[in-house]
1. Pairs needed: first member in region 1-30, in contact (Cβ under 8 Å) with a residue 12 or more places away in the chain and within 17 Å of Glu82 (Cβ to Cβ); second member anywhere, surrounded by 10 or more Cβ atoms within 10 Å (Cβ to Cβ) and among the small types (Gly, Ala, Ser); C-beta distance under 8 Å; at least 6 residues apart or different chains.
2. Is region 22-34 home to any residue that is at pLDDT 85 or above, of a type in the set (S, T, N, Q) and touching a helix residue (DSSP H, G or I) at 6+ places or on another chain (Cβ under 9 Å)?
3. Name the residue, out of Thr64, Thr56, Thr43, that is over 22 Å from His27 (Cα atoms) and surrounded by 13 or more Cβ atoms within 10 Å (Cβ to Cβ).
4. Show the residue pairs that are 6+ apart or on different chains and have beta-carbon atoms under 7 Å apart, the first residue being within region 110-127 and exposed (fewer than 15 other Cβ atoms within 10 Å of the Cβ) and modelled with pLDDT of 80 or more, the second being β-branched (Val, Ile, Thr) and part of a helix (DSSP H, G or I).
5. Among the helices (runs of 4 or more DSSP H) confined wholly to region 1-109, which include 3 or more residues that are within 28 Å of Phe121 (Cα to Cα)?
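The values are calculated or read from the model by the stated rules, or taken from the named source; none is laboratory data. Quick caveat, the model's predicted, so the values are computed rather than measured. Neighbour counts run over all protein chains shown; Cβ positions are idealised from the backbone, glycine included.
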Amino acid sequence: MNLLHILNSKWVQITLMTVWTVLTPIHGALGAALALTMIDMATGMYAAKKRGEVITQSRGWRRTIVKLAVYDIAIICGFLCENYMTGPIIPAMKLASTLIGTTELKSILENLDSISGSSFFTVVVNKLSGPLGDKLSKPSDPNPPKS
């Protein structure tokens, strides 16, 4: 029996559709984990290139695939525990998603720091406050001239 024959069997199709349906509420969280992981990988590759490091695609992809699998399993387990065991008392899926998102965001910001050579937030604040910085940093005259 080959793999294609097994995947075309009715019970496999019904099982996959059932799993897809049960996990519908967390498709957004799974997609966000995927997007953040891909952004982290892209910024990490760019930062490594900027530092002059050798980039090995296969090792990076393998690490990313494992990371995605672990993240997805954590989100799915949190969802199942929250909905079928603890209820809203312990928001396990939200906690898992928050930890994953925070971890990836921190990694992305570290990569951006490495790319820009300084703190990403400092660069953004300086760019945004450039035209306004002079006006905001000068104290206003309490007695403006009368016209």
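1. Close Cβ pairs (under 8 Å, with a partner that is surrounded by 10 or more Cβ atoms within 10 Å (Cβ to Cβ) and among the small types (Gly, Ala, Ser)) amount to Ala29/Ser97.
2. Within region 22-34, none of the residues are at pLDDT 85 or above, of a type in the set (S, T, N, Q) and touching a helix residue (DSSP H, G or I) at 6+ places or on another chain (Cβ under 9 Å).
3. Criteria check complete, one pass: Thr43.
4. Ser116/Val123
5. 27-51, 57-81
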